[in-house]
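Before any comments, here is the structure.
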Amino acid sequence: MTWSEMQPLLSDACSQTFTMVLWSTVIAVVAGLPLGILLVLTDRGGLLQNVLANKVIGQVVNVGRSMPFIILMVALMTFTRWVTGTTIGTTAAIVPLAIGGIPFFARLVETAVREVDQGLVEAVQSMGGNTWTIVRKVLVPEALPSLIASTTTTIIALIGYSAMAGTVGGGGLGDLAVRYGYQRFETELMWITVAILAVVISLIQFAGDFAARSLHRRGARSGPAPKLRLLKAKEPAAAEISKVA
């Protein structure tokens, strides 16, 4: 197979992989972020302590993470058909990719949020901050570098999942490698596909690491929670006013 024959195949496959990974990542982040935070908040000693809810959510996440993706795709075929009207193609592959990515990202979020200094949380609580304020002003901003790294890890995992999706009609680079590289013995095309995946993953990892390091350095220079320091500065002033009154 010549390069002129390979080029349109590779272009279409890259476009399909990009579409699958993009939308599944967006869904996984949007659903996994609050789920991971909820796992922390409902744990023992958490701001919304609820052991039963925590165990139920944790078990659902564990089941989602423990199931091999290829089995998850087959198990979700009925649901995928109900959502998209089909079980094959790029659009159909987004459904199991997103559902597989949600528990994966949720656990990474949980780990990142647990690393936040509890002293900051207690300080905001002592100043009357509610749970939403703590999540918005402390937990998410302080865990942001780790959340960026978690998102990078999730994207790379979803690229791997998308390659498996190609083996059952999902399209993308995985489908191209199997149909042409394996079934038709087009070894050159298969290795080009492998090289493209390796380059893309390396670039994503580099970009994610760079963003996480930049946020970490910026946080180290400004110190933890600048808004928290502003609130602390206002507290003595409020106390003085109350004394005068």
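A compact table of results
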read-out: Single condition V61 does not satisfy, out of (1) open to solvent by 60 Å² or more (accessible area, probe 1.4 Å); (2) more than 27 Å from L197 (Cα to Cα); (3) not small (G, A, S); value: (1)
read-out: Any hit, region 189-204, residues being modelled with pLDDT under 80, assigned to a helix (DSSP H, G or I) and either under 27 Å from A75 (Cα atoms) or among the aromatic types (F, W, Y) (or both); value: no
read-out: Cross-chain or 6+ apart pairs with Cβ under 7 Å, region 96-115 first and at negative phi and among the basic types (K, R), then open to solvent by 40 Å² or more (accessible area, probe 1.4 Å) and part of a helix (DSSP H, G or I); value: R107/R65
read-out: Among (1) among the charged types (D, E, K, R); (2) modelled with pLDDT of 75 or more; (3) in a helix (DSSP H, G or I); (4) more than 20 Å from F69 (Cα to Cα) - the single one E235 does not satisfy; value: (2)
read-out: Residue in region 72-82 that is β-branched (V, I, T), within 20 Å of G171 (Cβ to Cβ), in contact with a Ser or Thr (Cβ under 6 Å, 6 or more places away or on another chain) and surrounded by fewer than 20 Cβ atoms within 10 Å (Cβ to Cβ) present; value: no
read-out: Looking only at region 31-52, and only at residues there that are without any contact (Cβ under 8 Å) to a residue 12 or more places away in the chain and more than 17 Å from the chain's Cα centre (by Cα), the one that is least open to solvent (accessible area, probe 1.4 Å); value: G46
read-out: Exclusive hit being more than 20 Å from T154 (Cα to Cα), among the hydrophobic types (A, V, I, L, M, F, W, C), surrounded by 13 or more Cβ atoms within 10 Å (Cβ to Cβ) and in contact (Cβ under 8 Å) with a residue 40 or more places away in the chain, set M6, M20; value: M6
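For every residue, the table says whether it meets (1) under 14 Å from M20 (Cα atoms); (2) part of a helix (DSSP H, G or I); (3) of a type in the set (G, A, S); (4) touching a residue at least 12 places away in the same chain (Cβ under 8 Å).
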| position | (1), (2), (3), (4) |
| --- | --- |
| A157 | yes, yes, yes, yes |
| A177 | no, yes, yes, yes |
| G181 | no, yes, yes, yes |
| R184 | no, no, no, no |
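The values are calculated or read from the model by the stated rules, or taken from the named source; none is laboratory data. As the structure is a prediction and not an experimental result, all values here were calculated from the model. Because the Cβ atoms are built from the backbone with ideal geometry, glycine has one as well, and the counts that use them run over all protein chains shown. These accessible areas exclude ligands, DNA and RNA; they are computed on the full protein's heavy atoms, side chains included. Shrake-Rupley method; radii C 1.70, N 1.55, O 1.52, S 1.80 Å.
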